[in-house]
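The values are calculated or read from the model by the stated rules, or taken from the named source; none is laboratory data. A quick note: this is a predicted structure, and the numbers were derived from the prediction, not measured. Here the Cβ positions follow ideal geometry from the backbone for every residue, glycine too, while neighbour counts run over all protein chains shown.
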Amino acid sequence: MPHAGKDDPHNECADTFPPNRYPGMDVLVGGKRFDALQVGVHALWEIKTHQFDTYSDFLQEQVIRDQLREFEEDRDIARACGYLFVIGVSTSAHKAALLEFDDSFDIVVTGCNR
């Protein structure tokens, strides 16, 4: 499916990192759109290009809680369909904050920015 969002920098990141097996497209699996299906690996990716480091402490915590709920659902869908699930974030601070709340996710720093 064509990328859902109109955020060109986000879509470019989703196409090139990890790289995406279907550039220019999201992947529909189990009724959920994922940002990428990794080339050469049976892994679905969700990419976040938020400027997380610029958020207030309060907003960072809210974003992390919301994202973790989303990621748990995404991972369940991916696993149920036989895929690995990987999260790509722009910064090491975003990765560290996610892992502080839940260290069970596979998270990669992409360096991509909006």
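Taken across region 46-55, residues that are of a type outside the set (Ser, Thr, Tyr) and without any contact (Cβ under 8 Å) to a residue 12 or more places away in the chain do not occur at all. Within region 7-35, the set of residues being under 14 Å from Ala78 (Cβ atoms), assigned to a strand (DSSP E or B) and free of Cβ contacts under 8 Å to residues at least 40 places away in the same chain comprises Val27, Leu28, Arg33.
Looking across region 1-40 at every residue that is among the β-branched types (Val, Ile, Thr) and within 14 Å of the chain's Cα centre (by Cα), the one that is modelled with the highest pLDDT is identified as Val27.
Of all residues in region 21-72, those satisfying the criterion of being hydroxyl-bearing (Ser, Thr, Tyr) and out of contact with any Cys (no Cβ under 6 Å at 6 or more places or on another chain) are Tyr22, Thr54, Tyr55, Ser56.
Before we move on, is Val39 touching a helix residue (DSSP H, G or I) at 6+ places or on another chain (Cβ under 7 Å) and among the β-branched types (Val, Ile, Thr)?
On the way: touching a helix residue (DSSP H, G or I) at 6+ places or on another chain (Cβ under 7 Å): no; among the β-branched types (Val, Ile, Thr): yes.
So Val39 does not fit the description; no.
Go through the residues of region 85-100 one by one and say whether even a single one is in contact with a helix residue (DSSP H, G or I) (Cβ under 7 Å, 6 or more places away or on another chain) and surrounded by fewer than 18 Cβ atoms within 10 Å (Cβ to Cβ). Yes, there is a match, as at least one residue in region 85-100 is in contact with a helix residue (DSSP H, G or I) (Cβ under 7 Å, 6 or more places away or on another chain) and surrounded by fewer than 18 Cβ atoms within 10 Å (Cβ to Cβ).
Does at least one position in region 61-78 carry a residue that is small (Gly, Ala, Ser) and part of a loop (DSSP other than H, G, I, E, B)? No - not one qualifying residue is present in region 61-78. Within region 79-105, being under 21 Å from Thr16 (Cβ atoms), outside any helix (DSSP H, G or I) and touching a Lys or Arg at 6+ places or on another chain (Cβ under 8 Å) holds for Phe85, Ile87, Gly88, Val89, Ser90. Among the residues making up region 41-53, those that are outside any strand (DSSP E or B) and either modelled with pLDDT of 95 or more or hydrophobic (A, V, I, L, M, F, W, C) (or both) are Val41, His42, Phe52.
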